[in-house]
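Colleague: Handing you a structure now.
Values quoted throughout were computed directly from the atomic coordinates according to the rules given, and no laboratory measurement underlies them. The shown structure was predicted, so the numbers you read here are calculated from the model rather than taken from an experiment. As a convention, Cβ positions derive from the backbone with ideal geometry for all residues, glycine included, and neighbour counts pool all protein chains shown.
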Amino acid sequence: MVTLTIINKTGITMTARALQLALRQLELTLAALGPDIFPGDTSTRQHYLPRTLNGAPPGANVGWTSGFWTGQLWLGHAIGGQAPMKAAAEQQTSSFIARLEQGVDLEHHDLGFLYMLSCATAHHLHGQPGAHAATLGAARRLLGRFLPGAGVIQSWGTMDDVEQRGRVIIDGIMNLPLLHWAARASGETAFSDAARSHLQRTRAHLVRPGGSTYHTFHFDAENGAPLRPSTHQGLADDSCWARGQAWGIYGFALNHRHLPDMQLLDDATRLADYFLAQLPPDRIALWDLSLPHDSGEPRDSSACAIAACGLLEIAEQLPPGAQRQHYRSAALDLLEALTQHCAGQYPSCGGLLRHGVYHRAADLGVDEATLWGDYYYLEALARVEGHWTPAQL
Ligand code: GLY
């Protein structure tokens, strides 16, 4: 495996150079959009435009991905100290506080993505007034989605939505750090009890014996009976959607920090081994891991960026030794592939990471930059360069 500690001709590591380029991209897109505009979930013809979702005004703070934009700006500020990024991130964090107060588009489980990357980070980095209370408020809303009879947090829709009631998606475990944060902040064990139960059921029903994952699973909301697996963005109900697998790797590893007795690192490594074994020679995953490498189908770079963070997190939590070195090398290998094949650069691309896919079957954001791909690419680079770890939050 190649490692990114190679010093290039300019005397800096490849990750440091990639980080410089990523920060420059972020700076230019921020300048193009303005501080208070939230970009779309993905780029449009390789550049971000103000988001237009659900009839909200252009650039409004709606949807599940706006926190990845604010999160990138906070990371950018934490890494490089850029004042315009801090000012924009602060302004956007205020918008998240208002969003919670006004109850705008919060009927889903993605409150963890939205509030950990905006408000929890703002509180951690500079104690922004209102950010702590908003993070706790968001956690209470997430806890409100817990179905005690089923022992899971419902992922999508209102709690009386017959289609979505009792449905869980693998991505959901990435939102649980919000509950762990709230358990610590409030001392209330209900937050971590719900996280533990959700993880147990996810591990039992969404992870297959060989270490691949179902995208979604339906439980009886009242008595918890396991009903059936399904997919939303994958190739088929029994395929392995690449980004779902990546969410699983990083999600189990992050939760291991908070619930070490559950041995979730074992799940994270099994999922990681499966993911790595399915990669094509260029190391950029196809959007579904079940697709043949020569199918001509698009790659999803965002899955690799998330997986790289997950591999770094696994390595950080393993004791020193060969296994730890193996997962760290695998993370660096993925990062090298991403910087080589996918790094965006103005003027042709405004994103940090090209070649992502949002939803192939719906023809949404195919071969575009994605806000989450950009965020996790930046986070992985920042982690390798020693600027950031989510364990700080
Ligand atoms: N969590 C939704 C997605 O990854 O598209």
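Colleague: Quick check on the chain: helices-only [θ] at 222 nm, where DSSP H runs of length 4 and up contribute -39,500 (n - 2.57) each and the sum goes over total residues. Nearest 500, please.
Modeller: -15500 deg cm²/dmol
Colleague: At ALA83 and HIS341, where each label point lies 7 Å from the Cα along Cα→Cβ, what is the point-to-point distance in nanometres?
Modeller: Rounded to a tenth, the inter-label distance reads 4.2 nm.
Colleague: At 0.36 nm per residue, and after removing the present C-alpha to C-alpha distance, how many nm does the segment from ASP266 to VAL104 gain when stretched out fully?
Modeller: Value of the extension gain: 54.6 nm.
Colleague: With a ≥ b ≥ c taken as the square roots of the eigenvalues of the C-alpha gyration tensor of the stretch 274-393, please select rounded if a/c is under 1.5 and otherwise prolate if a/b is larger than b/c or oblate if it is not?
Modeller: Note, shape of the stretch 274-393 comes out oblate.
Colleague: Return the distance in nm (one decimal) between the two label points of a simple spin-label model at ASP294 and VAL162, each offset 7 Å from Cα along Cα→Cβ.
Modeller: 4.8 nm
Colleague: Any idea how far the Cα center of the stretch 332-383 sits from the one of the stretch 12-28, in Å?
Modeller: 13 Å
Colleague: Continuing with this model, one more query. In whole Å, how far is the Cα centre of the stretch 196-259 from that of the stretch 118-159?
Modeller: 21 Å
Colleague: Same structure, new question: Quick one: what are the phi-derived ³J(HN,Hα) couplings along the stretch 298-303, Karplus 6.51/-1.76/1.60 with θ = phi - 60°, whole Hz, x for glycine and proline?
Modeller: Coupling constants for the stretch 298-303: x, 8, 10, 4, 5, 4 Hz.
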